[in-house]
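One structure is given here, and the rest of the page talks about it.
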Amino acid sequence: MSKRKKPSEDNPNSDFCEFLIELAEYEKNINRNLFKHKAYQKAANVLAAHPTRVKSGKEARRLDGIGEKIAKKIDEYLETGKLRKLENIHKDKKANVITLLTQVSGIGPAKAQNLADMGIETIEDLRKHTDKLTHHQIVGLKYFEDFQKKIPREEIEKIEEIIEDELRVLDADYHITICGSYRRGKLESGDIDVLITHPKYTAETHNKHNDRLKKIVNALEKSGLITDTLSLGETKFMGACRLKSGGITRRLDIRLTPFDQYYCSILYFTGSDMFNRSMRAHATEKGFILNEYSLRPLGSTGESQKFDFYSF
Ligand code: 8GT
Ligand code: MN
Ligand code: MN
C-alpha cells in the first residue's frame with residue numbers, strides 16, 4: 001500500500017484535490033483525527049470525479065461531501081493561490097518529521113510521533129536506531145527509496161505471469177487475480193495486490209488448509225520472486241518481491257481467500273477504499289450487507305454463503 005494518493009492526470013480540479021489530500025494526510029498522521037481525514041478524502045474524491053473545473057466554493061458546496069469549511073478553503077485557494085493552514089503546516093518541523101516517518105512501511109502515526117519525540121528527524125537517524133523498530137519497520141526502512149517508486153503496469157503483468165507459472169507447478173487449479181489500483185486500470189501502482197483461491201479451499205474447509213499460503217510463499221521465495229516477508233498468516237501475506245531483471249524491490253500483498261467468497265473478496269480488494277465505502281452504503285440502502293466475504297440480505301445469520309454469487 002502506498003501512503004500518498006495523487007489525483008488522476010485528466011482531472012480539471014487536480015490542484016484542489018492535491019491540497020485536500022495533503023490536509024487529509026495531515027489529519028490522519030499528525031492530528032490523528034480520522035473523521036476529518038475521511039471528510040477531506042471524500043471531498044478530494046468527489047472533486048476528482050467532477051468533470052468540469054469548479055469556479056467557486058459556492059459551486060463546490062453543491063457537491064455531495066463538500067461543506068462550508070472546505071468550500072471556504074476552495075475560495076481562499078482561488079483568491080490567493082495558497083492556503084494559510086497548509087503554509088503553517090509546512091513550517092511546522094514536527095509535522096514534517098511525522099509526515100516523513102509515516103512514509104516508512106509499517107510506521108503508523110502513533111509510532112512516528114513516538115520516534116519524533118525521541119528526536120529522530122530523518123531517515124538517516126532512523127537507520128541508526130533500528131533497535132526501536134519491528135521487523136516490518138526494518139524491512140520498510142531497508143527499501144524506503146524503492147517502496148516510494150510507482151510500479152508500471154507492464155512490470156505487474158510480468159510478476160503476475162511468474163506467480164501463475166509457479167502456482168501451476170504446485171497445483172493446476174489455482175485462480176489468481178491482481179486487484180488494487182492495477183485492477184482499477186491505473187497505469188502505475190503503489191504495490192501489487194494478489195488474490196488467490198482454489199476450488200478445494202472453501203469457508204467450510206478452511207481449517208484443513210492452514211498451510212496453503214505458506215506453501216505458496218515458499219514456492220515464490222524459491223523462485224526468487226519474493227525477497228522479504230513483512231508478515232505471514234494463514235490468509236494474508238505482506239512482503240517484498242523483485243524481478244530478476246528489474247532491480248527495484250516492490251511491495252507485495254497476497255490474500256488467500258475461500259473459493260465461495262472469491263468474488264466478494266475481489267470486489268473488496270480492488271477498492272478503492274472510498275468506492276468500497278459507498279458501495280457498502282448502497283448495499284445497506286437496498287437491504288443487503290456487503291463485506292469482503294459475502295453479499296447477503298440484512299438480518300440473515302451469515303451462516304449461509306449461498307448469496308455469495310447473488311448478483312455476480
Ligand atoms: P496503491 O496503488 O497505492 O496500492 O492503491 P490501492 O491498490 O488502491 O491501495 P492498497 O492499499 O494496496 O489497497 C487495495 C485494497 O485493499 C483497498 O482498496 C482496500 O479495500 C483493501 N485493503 C485491505 N486492507 C487494507 C488496509 O489495511 N488498508 C487499506 N488502505 N486498504 C486495505 O484489504
Ligand atoms: Mn496493498
Ligand atoms: Mn495496491
*Any chance LYS186 is open to solvent by 10 Å² or more (accessible area, probe 1.4 Å), under 17 Å from LYS158 (Cβ atoms) and at pLDDT below 95*: no
_Suppose we keep only residues that are in contact with a Lys or Arg (Cβ under 7 Å, 6 or more places away or on another chain) and farther than 24 Å from ASP173 by Cα within segment 198-257. Which one would you say is surrounded by the most Cβ atoms within 10 Å (Cβ to Cβ)?_
ARG250
*Give just the number: which of (1) charged (D, E, K, R); (2) more than 20 Å from the chain's Cα centre (by Cα); (3) within 26 Å of VAL104 (Cα to Cα) does LYS208 not satisfy?*
(3)
*asked:* What pairs come out if I take residues in segment 166-185 that are closer than 12 Å to ILE216 by Cβ and among the hydrophobic types (A, V, I, L, M, F, W, C) and pair them with residues that are at pLDDT 95 or above and open to solvent by 30 Å² or more (accessible area, probe 1.4 Å) whose C-beta lies under 6 Å away, six or more apart or interchain?
replied: LEU167/TYR174; ILE176/GLU164
*Between residues in segment 258-286 that are modelled with pLDDT of 95 or more and β-branched (Val, Ile, Thr) and residues that are surrounded by fewer than 19 Cβ atoms within 10 Å (Cβ to Cβ) and in a helix (DSSP H, G or I), which pairs lie under 8 Å by C-beta distance while being six or more apart or on different chains?*
ILE266/ARG183; THR270/ARG183
*Output the number of residues of segment 214-235 satisfying the condition of being within 15 Å of ligand 1 (Cβ to nearest atom) and touching a residue at least 40 places away in the same chain (Cβ under 8 Å).*
2
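Residues that are away from ligand 3 (no atom under 14 Å from the Cβ), more than 30 Å from ALA116 (Cα to Cα) and in contact with a helix residue (DSSP H, G or I) (Cβ under 8 Å, 6 or more places away or on another chain): which helices (runs of 4 or more DSSP H) entirely in segment 130-232 hold 1 or more of them? Before the answer, list the steps.
Values: elements: 135-142, 144-148, 153-170, 180-183, 212-222.
Per the criteria, 153-170, 212-222.
The values are calculated or read from the model by the stated rules, or taken from the named source; none is laboratory data. Treat the numbers as computed from the prediction; the structure is a model and nothing was measured. Using ideal geometry, Cβ is built from the backbone for each residue, glycine included, and neighbour counts are taken over all protein chains shown. All accessible areas refer to the heavy atoms of the entire protein, side chains included, with ligands and DNA or RNA removed. Shrake-Rupley method; radii C 1.70, N 1.55, O 1.52, S 1.80 Å.
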